[in-house]
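Quick notes on the structure that follows.
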Amino acid sequence: MFSRKDFESYCQQLFSDFPWRIHLYTPQQNRIELGQGKAHWYPWPLEIRLHTAKAERDFRRMNAYGLVERYLAGEVDFEGNYQLLSAIKAFVPIKLGVGQLATNWLKHRAFQTQDRARNNVKSHYDMPQGLLERYLDRRYMAYSCAMFEDATLRFDNLEQLKRPGLGENDRYDSLEKAQWRKFKDAVDFIAPAEGETLLDVGCGYGGQLEVALRHHPFGKVVGWTHSSNQVQHGRAMLEDFMDEQWEMNEGDYRQDERIFDHICSTGMISHVGPRGLKPYVRNIRRRIKTGGRYIHHALMERYSRVPLNRQVGIAFNKQYVWPGFHWFTLGEHIRLLERNGFRVVRVLNLRDQYSKTITAWYERFMAHEALMRKHMGDETFRAWRLYLGAGAGHYSGDVNRVYCVAV
């Protein structure tokens, strides 16, 4: 049995290499200062409050998944600098239990059938629309990495990230303008000849389709999503254009056997499941003309000896936030693209851009905390706060934008 003094010494040794400040509060309200205390762009420490003896036990054992589940139950609270949560694993040995590993491996190894993909998307996106509108950008409601003029995070810039903009013509580096810039980047790369067609796989609310029609002479743009919310709002956004110029479809892109001049997919690729990347790339190649341009944009895993499903953040997100998602390394993506009919012409790493994007989402989410708690319920609110907060400012994976030509 650890004495108070022994527990404090143990924790301080455990976090001796951690660069920034953590304040740990025991169930007896004793405060233990952890980490080296170096400056961080967000100036407050991370506060971890343990309310029960079981929570203290899980912290001592670094049973991270157990701590997360106790957090969802209210036995642990995280406050202050949420951005440090995802940084802990780089400095402190954390683990998943054998039972947790087995459960997560069995639950999430399945291939993404059309039915499974539809259910996974609806479980996330078909929540009350008013909640999504509070923290996504107000112009396009894009749920993928934006491209800011400056990806640097500064504490004095947080109010600007929270301030809703209008998009293309904003005079400051708003989230709305950053999402427009991402969509514009894609269609500028495609640079279509007049009348050519575009398929957007996993088109969200249709922002890519709107920017494509507004800035280039596409003959027709077509989007597919499983979300009823997205189809309804996307069709309203595209009403300014002639009916024959666009389609916004609810369903699976695999239902559509047409061949398109160009294709883009922004973020959807992370949801094809652990056995779905190769079939996905082959499906895309069947639907694009030779010489067509393709944007392949995805969250990706950095190479690690630790399998993806053994990482606590991944296990948590698959269980509580993003059912059905899976990451692959950049090397795996490139290999499958090149072996299945694409030539890669450019790769752009957007990791810092994604950190800033999630920071904007988190700040907007927390600006409406009372509303979110009311409509989500406490456990779901806590899960989403952890998902957004842990990625904000310190995203530990990669986001890569791969520019391809079909050969």
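The values are calculated or read from the model by the stated rules, or taken from the named source; none is laboratory data. Please read these numbers as outputs of a predicted model, since none were measured by experiment. Glycine also receives a Cβ, built like all others from the backbone with ideal geometry; neighbour counts cover every protein chain displayed. Surface accessibility is based on the protein's heavy atoms, side chains included, excluding ligands, DNA and RNA. Shrake-Rupley method; radii C 1.70, N 1.55, O 1.52, S 1.80 Å.
Tabulated data
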{"quantity": "Failed item in (1) at pLDDT below 90; (2) more than 22 Å from Phe325 (Cβ to Cβ), with Arg139 passing the rest", "calculated": "(1)"}
{"quantity": "Output for the range 367-407, where each listed residue is part of a helix (DSSP H, G or I) and of a type in the set (Gly, Ala, Ser)", "calculated": "Ala367, Ala370, Ala383, Gly389, Ala390, Gly391"}
{"quantity": "Test for Glu239: is it charged (D, E, K, R), more than 18 Å from Arg287 (Cβ to Cβ) and out of contact with any Leu (no Cβ under 7 Å at 6 or more places or on another chain)", "calculated": "yes"}
{"quantity": "Selected residue (criterion: farthest from Phe155 (Cα to Cα)) from residues of the range 1-41 that are acidic (Asp, Glu) and open to solvent by 80 Å² or more (accessible area, probe 1.4 Å)", "calculated": "Asp6"}
{"quantity": "Output for the range 320-331, where each listed residue is part of a helix (DSSP H, G or I), out of contact with any helix residue (DSSP H, G or I) (no Cβ under 7 Å at 6 or more places or on another chain) and surrounded by 15 or more Cβ atoms within 10 Å (Cβ to Cβ)", "calculated": "Leu330"}
{"quantity": "Filtered residue count, the range 154-182, keeping only those that are in contact (Cβ under 8 Å) with a residue 60 or more places away in the chain, open to solvent by less than 30 Å² (accessible area, probe 1.4 Å) and out of contact with any strand residue (DSSP E or B) (no Cβ under 8 Å at 6 or more places or on another chain)", "calculated": "4"}
{"quantity": "Enumeration of residues in the range 248-267 that are open to solvent by 40 Å² or more (accessible area, probe 1.4 Å) and either outside any helix (DSSP H, G or I) or under 19 Å from Ile190 (Cα atoms) (or both)", "calculated": "Glu250, Glu257, Arg258, Ile259"}
{"quantity": "Residue in the range 347-361 that is open to solvent by less than 20 Å² (accessible area, probe 1.4 Å), touching a Cys at 6+ places or on another chain (Cβ under 7 Å), part of a loop (DSSP other than H, G, I, E, B) and modelled with pLDDT of 80 or more present", "calculated": "yes"}
{"quantity": "Every pair of residues 6+ apart whose Cβ atoms lie under 8 Å, when the first sits in the range 208-226 and is under 18 Å from Ile269 (Cβ atoms) and of a type outside the set (Val, Ile, Thr) while the second is assigned to a helix (DSSP H, G or I) and open to solvent by 40 Å² or more (accessible area, probe 1.4 Å)", "calculated": "Trp224/Gln255; His226/Arg118; His226/Lys122"}
{"quantity": "Set Gln36, Gln100: member being of a type outside the set (Ser, Thr, Tyr) and at pLDDT below 90", "calculated": "Gln100"}
{"quantity": "Residue among Val281, Val312, Val321, Val306 that alone is farther than 22 Å from Val92 by Cα, of a type in the set (Val, Ile, Thr) and modelled with pLDDT under 75", "calculated": "Val321"}
